[in-house]
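For reference, the structure is listed below as C-alpha coordinates.
The values are calculated or read from the model by the stated rules, or taken from the named source; none is laboratory data. Keep in mind it's a predicted model, so treat the numbers as computed, not measured. Here the Cβ is made from the backbone with ideal geometry for all residues, glycine too, and neighbour counts use every protein chain on show. Ligands, DNA and RNA are stripped out before the accessible areas are found, and what is left, the full protein with its side chains, is counted by its heavy atoms. Shrake-Rupley method; radii C 1.70, N 1.55, O 1.52, S 1.80 Å.
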Amino acid sequence: MKITYYGHSCFSVQVSGKTLLFDPFIRGNELAKGIDINGILADYILVSHGHDDHTGDLVYLANKTNAMVICSWEIMLWLNNQGVKNVHPLNVGGKHAFDFGTVKMTFASHSSSMGDGTYAGVAGGFLVQAENKTLYYSGDTGLNQEMKLIGEMNPPDIALLPIGDNFTMDAADAAMAAGFINCKHVIGLHYDTFGFIKINHQAATEKFEKAGVKLTLLNIGGHIAI
Ligand code: NI
Ligand code: MN
(Lines give C-alpha, C1' and ligand atoms only; values in the text may rest on other atoms or scores of the structure.)
(Ligands and ions follow the chains in the order given, each with its own letter.)
Protein backbone atom coordinates (compact mmCIF):
# COMPACT_ATOMS: atom_id res chain seq x y z
CA MET A 1 0.00 0.00 0.00
CA LYS A 2 1.32 3.42 -0.96
CA ILE A 3 -0.37 6.38 0.75
CA THR A 4 -0.01 9.87 -0.76
CA TYR A 5 -1.21 12.95 1.15
CA TYR A 6 -2.98 15.81 -0.64
CA GLY A 7 -3.69 17.90 2.47
CA HIS A 8 -6.50 18.13 5.04
CA SER A 9 -8.27 14.73 4.91
CA CYS A 10 -7.51 13.99 1.28
CA PHE A 11 -5.09 11.25 0.31
CA SER A 12 -4.79 8.40 -2.13
CA VAL A 13 -3.98 4.77 -1.55
CA GLN A 14 -2.45 2.63 -4.26
CA VAL A 15 -3.33 -0.99 -3.65
CA SER A 16 -3.90 -4.09 -5.81
CA GLY A 17 -3.05 -2.02 -8.89
CA LYS A 18 -5.86 0.48 -8.20
CA THR A 19 -5.86 4.02 -6.86
CA LEU A 20 -8.32 4.93 -4.10
CA LEU A 21 -8.83 8.64 -3.42
CA PHE A 22 -10.35 9.74 -0.11
CA ASP A 23 -12.35 12.96 0.57
CA PRO A 24 -11.17 15.13 -2.32
CA PHE A 25 -10.63 18.75 -1.22
CA ILE A 26 -7.66 20.37 -2.90
CA ARG A 27 -8.50 23.63 -4.70
CA GLY A 28 -10.18 25.07 -1.60
CA ASN A 29 -7.14 24.31 0.56
CA GLU A 30 -4.59 27.13 0.73
CA LEU A 31 -1.99 24.69 2.06
CA ALA A 32 -2.41 22.40 -0.96
CA LYS A 33 -1.60 25.09 -3.54
CA GLY A 34 1.38 23.04 -4.68
CA ILE A 35 -0.83 20.12 -5.73
CA ASP A 36 -1.96 19.98 -9.36
CA ILE A 37 -5.48 18.62 -9.15
CA ASN A 38 -5.30 17.44 -12.76
CA GLY A 39 -2.41 15.17 -11.85
CA ILE A 40 -4.54 13.24 -9.36
CA LEU A 41 -5.63 9.80 -10.51
CA ALA A 42 -8.44 7.68 -9.10
CA ASP A 43 -10.17 4.41 -9.86
CA TYR A 44 -12.34 4.85 -6.76
CA ILE A 45 -13.26 7.89 -4.69
CA LEU A 46 -14.31 7.21 -1.08
CA VAL A 47 -16.34 9.94 0.62
CA SER A 48 -16.80 9.88 4.39
CA HIS A 49 -19.44 12.63 4.65
CA GLY A 50 -20.87 15.62 2.83
CA HIS A 51 -19.04 18.62 4.29
CA ASP A 52 -17.28 20.90 1.80
CA ASP A 53 -13.83 20.24 3.23
CA HIS A 54 -14.32 16.60 2.13
CA THR A 55 -16.26 17.00 -1.10
CA GLY A 56 -15.06 20.31 -2.56
CA ASP A 57 -13.51 18.61 -5.59
CA LEU A 58 -15.67 15.48 -5.62
CA VAL A 59 -17.84 16.20 -8.66
CA TYR A 60 -14.91 17.65 -10.62
CA LEU A 61 -12.68 14.63 -10.01
CA ALA A 62 -15.48 12.06 -10.37
CA ASN A 63 -16.22 13.49 -13.83
CA LYS A 64 -12.57 13.84 -14.77
CA THR A 65 -11.45 10.37 -13.69
CA ASN A 66 -14.75 8.49 -14.13
CA ALA A 67 -13.83 6.77 -10.85
CA MET A 68 -16.50 4.86 -8.97
CA VAL A 69 -17.58 6.86 -5.93
CA ILE A 70 -18.14 4.93 -2.67
CA CYS A 71 -20.33 6.90 -0.25
CA SER A 72 -23.60 6.98 1.68
CA TRP A 73 -26.91 6.34 -0.09
CA GLU A 74 -27.85 9.99 0.38
CA ILE A 75 -24.61 11.32 -1.12
CA MET A 76 -25.23 8.95 -4.05
CA LEU A 77 -28.63 10.59 -4.64
CA TRP A 78 -27.03 14.04 -4.53
CA LEU A 79 -24.28 12.93 -6.93
CA ASN A 80 -26.84 11.46 -9.32
CA ASN A 81 -28.52 14.88 -9.42
CA GLN A 82 -25.13 16.37 -10.37
CA GLY A 83 -24.90 13.89 -13.24
CA VAL A 84 -22.42 11.56 -11.49
CA LYS A 85 -23.80 8.03 -11.98
CA ASN A 86 -20.86 5.71 -11.26
CA VAL A 87 -21.55 5.34 -7.53
CA HIS A 88 -21.60 2.45 -5.06
CA PRO A 89 -23.66 3.24 -1.94
CA LEU A 90 -22.81 1.85 1.49
CA ASN A 91 -24.27 2.41 4.93
CA VAL A 92 -22.76 2.01 8.39
CA GLY A 93 -21.86 -1.58 9.25
CA GLY A 94 -22.14 -2.80 5.66
CA LYS A 95 -19.29 -3.96 3.47
CA HIS A 96 -18.74 -4.78 -0.18
CA ALA A 97 -16.01 -6.64 -2.08
CA PHE A 98 -14.51 -4.56 -4.89
CA ASP A 99 -11.81 -5.67 -7.34
CA PHE A 100 -9.03 -4.23 -5.10
CA GLY A 101 -10.38 -5.54 -1.77
CA THR A 102 -13.20 -5.04 0.71
CA VAL A 103 -14.58 -1.78 2.07
CA LYS A 104 -16.68 -1.65 5.24
CA MET A 105 -18.40 1.58 6.27
CA THR A 106 -17.77 2.38 9.92
CA PHE A 107 -19.50 4.56 12.49
CA ALA A 108 -18.35 8.16 12.98
CA SER A 109 -19.65 10.55 15.59
CA HIS A 110 -20.06 13.59 13.35
CA SER A 111 -22.70 15.38 11.25
CA SER A 112 -23.17 15.27 7.50
CA SER A 113 -24.77 17.54 4.91
CA MET A 114 -23.74 18.77 1.47
CA GLY A 115 -22.53 22.34 1.02
CA ASP A 116 -25.92 23.33 -0.45
CA GLY A 117 -27.69 22.02 2.66
CA THR A 118 -28.84 18.69 1.18
CA TYR A 119 -29.13 15.93 3.77
CA ALA A 120 -26.19 13.57 3.29
CA GLY A 121 -27.10 10.65 5.55
CA VAL A 122 -24.88 9.90 8.52
CA ALA A 123 -21.14 10.55 8.58
CA GLY A 124 -18.96 7.46 8.34
CA GLY A 125 -15.48 6.10 7.96
CA PHE A 126 -13.99 3.19 6.03
CA LEU A 127 -12.15 0.02 6.82
CA VAL A 128 -10.27 -1.11 3.71
CA GLN A 129 -8.90 -4.64 3.56
CA ALA A 130 -6.59 -5.35 0.63
CA GLU A 131 -3.27 -7.08 -0.01
CA ASN A 132 -3.55 -8.74 3.43
CA LYS A 133 -3.49 -5.33 5.11
CA THR A 134 -6.16 -3.32 6.88
CA LEU A 135 -6.39 0.46 6.63
CA TYR A 136 -8.82 2.42 8.79
CA TYR A 137 -9.93 5.87 7.77
CA SER A 138 -12.17 7.19 10.52
CA GLY A 139 -13.44 10.27 8.71
CA ASP A 140 -14.29 13.29 10.85
CA THR A 141 -15.25 11.91 14.25
CA GLY A 142 -15.10 12.40 17.95
CA LEU A 143 -13.63 9.68 20.11
CA ASN A 144 -16.25 6.98 20.57
CA GLN A 145 -16.66 3.55 22.11
CA GLU A 146 -17.68 1.96 18.78
CA MET A 147 -14.00 2.10 17.82
CA LYS A 148 -13.36 -0.75 20.27
CA LEU A 149 -15.28 -3.06 17.91
CA ILE A 150 -12.72 -2.34 15.21
CA GLY A 151 -9.96 -3.26 17.65
CA GLU A 152 -11.71 -6.55 18.41
CA MET A 153 -12.72 -7.46 14.88
CA ASN A 154 -10.21 -5.90 12.46
CA PRO A 155 -7.19 -4.27 14.15
CA PRO A 156 -5.78 -2.03 11.39
CA ASP A 157 -2.14 -1.98 10.25
CA ILE A 158 -2.48 1.74 9.67
CA ALA A 159 -5.08 4.28 10.76
CA LEU A 160 -5.75 7.73 9.35
CA LEU A 161 -7.30 9.80 12.11
CA PRO A 162 -8.21 13.48 12.58
CA ILE A 163 -6.09 15.27 15.19
CA GLY A 164 -7.05 18.93 14.71
CA ASP A 165 -9.58 19.32 17.54
CA ASN A 166 -12.60 21.72 17.41
CA PHE A 167 -14.59 19.67 14.82
CA THR A 168 -13.04 16.27 15.58
CA MET A 169 -10.75 14.46 18.03
CA ASP A 170 -7.59 16.20 19.14
CA ALA A 171 -4.24 14.39 19.29
CA ALA A 172 -4.82 13.08 22.82
CA ASP A 173 -8.22 11.65 21.90
CA ALA A 174 -6.84 10.22 18.66
CA ALA A 175 -4.02 8.53 20.60
CA MET A 176 -6.68 6.95 22.80
CA ALA A 177 -8.62 5.97 19.67
CA ALA A 178 -5.47 4.18 18.44
CA GLY A 179 -5.65 2.10 21.62
CA PHE A 180 -9.36 1.36 21.07
CA ILE A 181 -8.72 0.13 17.53
CA ASN A 182 -5.50 -1.65 18.56
CA CYS A 183 -3.31 0.11 16.01
CA LYS A 184 0.32 1.20 16.50
CA HIS A 185 0.74 3.54 13.54
CA VAL A 186 -1.41 6.59 12.86
CA ILE A 187 -1.26 9.15 10.09
CA GLY A 188 -2.69 12.46 11.29
CA LEU A 189 -5.30 14.32 9.25
CA HIS A 190 -7.64 17.31 9.51
CA TYR A 191 -5.20 19.75 11.13
CA ASP A 192 -3.64 23.12 10.24
CA THR A 193 -5.93 23.75 7.22
CA PHE A 194 -7.78 26.66 8.83
CA GLY A 195 -7.60 28.65 12.05
CA PHE A 196 -9.75 26.51 14.31
CA ILE A 197 -7.64 23.42 13.72
CA LYS A 198 -4.07 24.72 13.74
CA ILE A 199 -2.02 22.50 16.08
CA ASN A 200 1.43 22.18 17.62
CA HIS A 201 3.03 19.22 15.82
CA GLN A 202 5.55 18.48 18.56
CA ALA A 203 2.85 18.39 21.25
CA ALA A 204 0.70 16.12 19.09
CA THR A 205 3.61 13.74 18.49
CA GLU A 206 4.29 13.57 22.23
CA LYS A 207 0.65 12.62 22.99
CA PHE A 208 1.07 9.63 20.70
CA GLU A 209 4.50 8.73 22.05
CA LYS A 210 3.03 8.60 25.53
CA ALA A 211 0.46 6.12 24.28
CA GLY A 212 3.15 4.01 22.58
CA VAL A 213 1.81 4.83 19.12
CA LYS A 214 3.76 6.18 16.15
CA LEU A 215 2.32 9.36 14.63
CA THR A 216 3.25 10.24 11.06
CA LEU A 217 2.55 13.75 9.81
CA LEU A 218 3.07 13.70 6.05
CA ASN A 219 4.05 16.75 4.04
CA ILE A 220 1.40 17.70 1.52
CA GLY A 221 2.43 15.82 -1.63
CA GLY A 222 4.44 13.37 0.47
CA HIS A 223 3.90 9.65 0.64
CA ILE A 224 4.58 6.56 2.72
CA ALA A 225 4.55 2.86 1.90
CA ILE A 226 3.31 0.35 4.45
NI1 NI B 1 -16.96 17.34 8.71
MN1 MN C 1 -14.05 18.14 8.10
Calculated from DSSP H runs of 4 or more alone, at -39500 (n - 2.57) each and per residue, what is the 222 nm mean residue ellipticity of the chain, nearest 500? -6000 deg cm²/dmol
Near the amide H of S72, under 5 Å away, which other amide H atoms are found, from residues 5 or more places off or on another chain, if H is placed in the peptide plane? L90
Candidate residues K210, K64, K148: accessible-area rank, largest first, probe 1.4 Å: K210, K64, K148
If one builds a Gaussian network model of the chain from Cα atoms under 10 Å apart, the most fluctuating residue listed among N200, N132, N144 is N132
Run the numbers on region 2-225 and let me know its relative contact order in percent, using alpha-carbon pairs under 8 Å that are six or more apart. 17
To the nearest 10 square angstrom, what accessible area does S9 show with a 1.4 Å probe? 0
Highest GNM mean-square fluctuation among F196, F11, F22, for the chain with Cα springs under 10 Å, belongs to F196
In whole Hz, with x marking every Gly and Pro, tabulate ³J(HN,Hα) for region 119-127 from phi via Karplus 6.51 cos²θ - 1.76 cosθ + 1.60, θ = phi - 60°. 4, 10, x, 8, 6, x, x, 9, 10
According to a simple spin-label model (label point 7 Å from Cα along Cα-to-Cβ), what is the distance in nm between H185 and K198? 3.2
Can you tell me the length gained on complete extension of the stretch Q145 to K64, counting 0.36 nm per residue apart and subtracting the Cα distance? 25.3 nm
Residues whose placed amide H lies under 5 Å from that of T19, excluding near-sequence neighbours: D43, Y44
Carbon and sulfur %, accessible surface of region 2-225 computed with the full protein complex present, 1.4 Å: 49
Treating the Cα atoms of the chain as identical point scatterers in vacuum, please give the log10 of the normalised Debye intensity I(q)/I(0) at q = 0.08, 0.11, 0.14 Å⁻¹, two decimals. -0.24, -0.47, -0.79
From the backbone phi of region 68-84, what are the Karplus-calculated ³J(HN,Hα) couplings (6.51 cos²θ - 1.76 cosθ + 1.60, θ = phi - 60°) in whole Hz, Gly and Pro given as x? 7, 8, 10, 6, 5, 3, 5, 5, 4, 4, 4, 4, 4, 5, 8, x, 8
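Just the number, please: percent antiparallel of the DSSP beta bridges in the chain, rounded to the nearest 5.
60
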Please find the FRET efficiency linking N81 to R27, where r is the Cβ-Cβ separation and R0 is fixed at 30 Å, and quote it to the nearest 0.05. 0.90
